[in-house]
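Reviewing the structure listed below.
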Amino acid sequence: MAPPSSTTVTNQESQLQTLNPTIIPGLPNDLAAIILVFVPYSHHSRLKSICKSWKQFFSSKTIISLRQKHLPLSTLSPLLCIFPQDPLIASPYLFDPRNLAWSPLPPMPCNPHVYGLCNFTSICIGSHLYVLGGSLFDTRSYPLDYPCPSSSAFRFDFGTFSWETLASMINPRGSFACAATPNLDKILVAGGGSRHTMFGAAGSRMSSVEMYDIGKDEWVPLDGLPRFRAGCVGFFVGNGEEREFWVMGGYGESRTVSGVFPVDQYYRDVLVMEMKNGGKWRELGDMWEEGERWKLGKIVVVEDGPSEAPAVFMLDRGDIFSYIMASNSWIKETSLPRKTSDESSVGFVALDGELHVMTHLNGVKSKECQRLRQQKRSATMLVQIYHPRTKSWRSATTRSPFHHPLDFKTAVMCTIRL
């Protein structure tokens, strides 16, 4: 499969001039297009219903490239892509925290033989959204109620507003570490297994590592992890020949309590792959002492400017910690202004250099929220936003488009600029 095709901006603008009907009466189409590209991307789906010419313009392939050409990077809309459940049957949504606006995306291509896709990974590169792997049920497998990992890979093109199927991974996997290289031409995945959200500590684990070449649409195997690991997170540190791929946390083998209940054994260490040495791994040791915490919390990575070392943050029991790479340890950064009653069902993402903590209003410990527990507010979300540089908090509320409260324990999220 060929890499994502792109038409030159010159050809796209010439197409705008010949667009029929006129976008804005009294103005040439190229000037009208420049005016409309300043409208936040999250509002485009609603503006399509204004008139026929606006529907044609906001549905065209030129809108993304025009925004990237005429708008500074800082003014492009930082959006959060949320998969509330199985993307084969439920549409993902884009959420714009600046304008508190929601916009739906079409569901992924449906496979009639599989269902219940979860624990997949989504990652955005440029104007493309990738969905990789996961765990699902397959009606062609036996036993029918036993989940199996998926090797499927899909890509959504915001220019054409459509999905396409990519080359499958060499090894099927879910709950794995994933990151894009700094030059954004490759995707690396590590570890994973077959665990499904319907089961506790069941499922397989694996140690294989592979890299996807976006231009060639092919996967190549790399040196595997030192041991089986699933449920881990990954990110890149450095650029050029000094580039490294870091893997944190996750779980490996499981033990049983009273010989009956399986319990995961979580890792406390960090593994680093040195890309310049052919992908050799080294271990950095444990990030905390025995008894300090049970497992790694929710992790986000803030890529801020040209710095070689990204900022890594962890949300754990209502507190946010900052990772110190030099000492391989965590220090407390701040605490949530408003605690949550269900700390496991909290969304944690890094967007536009800020940390966003998302939960439902009926899950926040507050006397004010206790007076607002009407059923109509069950889908209202509270977004608490922390700025690491200014050490300041702010908050906002938004009514989600979902018919039920979003379960952040199973929802999959990633960020994109459009």
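If I go through segment 66-84 residue by residue, how many of them are within 15 Å of VAL39 (Cα to Cα), of a type in the set (A, V, I, L, M) and either buried (at least 20 other Cβ atoms within 10 Å of the Cβ) or modelled with pLDDT of 85 or more (or both)?
Total satisfying the criteria: 4.
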Looking across segment 235-271 at residues that are part of a strand (DSSP E or B) and among the hydroxyl-bearing types (Ser, Thr, Tyr), the single one that is surrounded by the fewest Cβ atoms within 10 Å (Cβ to Cβ) is THR256
Checked segment 122-178 for anything at pLDDT 95 or above, open to solvent by less than 10 Å² (accessible area, probe 1.4 Å) and not in a loop (DSSP other than H, G, I, E, B); matches are LEU129, TYR130, VAL131, LEU132, ALA153, ARG155, PHE156, ALA177
Those residues of segment 40-60 that are more than 24 Å from the chain's Cα centre (by Cα) and outside any helix (DSSP H, G or I) come to a total of 6
Over segment 377-405, the set of residues under 14 Å from PRO97 (Cβ atoms), part of a loop (DSSP other than H, G, I, E, B) and not polar (S, T, N, Q) is none
Subset of segment 221-234, residues open to solvent by less than 10 Å² (accessible area, probe 1.4 Å) and either among the small types (Gly, Ala, Ser) or outside any loop (DSSP other than H, G, I, E, B) (or both), comes to ALA230
Over 15 Å from the mean Cα position of the chain (by Cα), buried (at least 19 other Cβ atoms within 10 Å of the Cβ) and at pLDDT 75 or above - does that describe any residue in segment 341-353? no
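State yes or no: is VAL209 of a type in the set (Val, Ile, Thr), out of contact with any Ser or Thr (no Cβ under 7 Å at 6 or more places or on another chain) and under 30 Å from PRO104 (Cβ atoms)?
Spelling it out, it is not the case that VAL209 is of a type in the set (Val, Ile, Thr), out of contact with any Ser or Thr (no Cβ under 7 Å at 6 or more places or on another chain) and under 30 Å from PRO104 (Cβ atoms).
Take the conditions open to solvent by less than 50 Å² (accessible area, probe 1.4 Å) and within 17 Å of the chain's Cα centre (by Cα) and apply them to LEU382. Does it pass?
No; evaluated as a whole, the condition is false for this residue.
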Notebook entry, point to check: Condition test on GLY192, is it touching a strand residue (DSSP E or B) at 6+ places or on another chain (Cβ under 6 Å), among the small types (Gly, Ala, Ser) and either buried (at least 21 other Cβ atoms within 10 Å of the Cβ) or more than 17 Å from TYR146 (Cβ to Cβ) (or both)?
Noted result: yes
Checked segment 118-144 for anything closer than 15 Å to GLY193 by Cβ and of a type outside the set (Val, Ile, Thr); matches are CYS118, ASN119, PHE120, LEU132, GLY133, GLY134, SER135, LEU136
Per the filter on segment 85-121, residues open to solvent by 20 Å² or more (accessible area, probe 1.4 Å) and charged (D, E, K, R) are ARG98
Per the filter on segment 37-65, residues in contact with a helix residue (DSSP H, G or I) (Cβ under 6 Å, 6 or more places away or on another chain), open to solvent by less than 10 Å² (accessible area, probe 1.4 Å) and among the aliphatic types (A, V, I, L, M) are VAL37
Of those in segment 287-296 that are surrounded by fewer than 19 Cβ atoms within 10 Å (Cβ to Cβ) and in contact (Cβ under 8 Å) with a residue 40 or more places away in the chain, the residue nearest to ASN328 (Cα to Cα) is TRP288
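The values are calculated or read from the model by the stated rules, or taken from the named source; none is laboratory data. All figures in this text were calculated on a predicted structure; none of them were measured in a lab. Note that we place each Cβ from the backbone using ideal geometry, even for glycine, and neighbour counts take in every protein chain shown. What goes into the accessible areas is simple: the full protein's heavy atoms, side chains included, and nothing from ligands, DNA or RNA. Shrake-Rupley method; radii C 1.70, N 1.55, O 1.52, S 1.80 Å.
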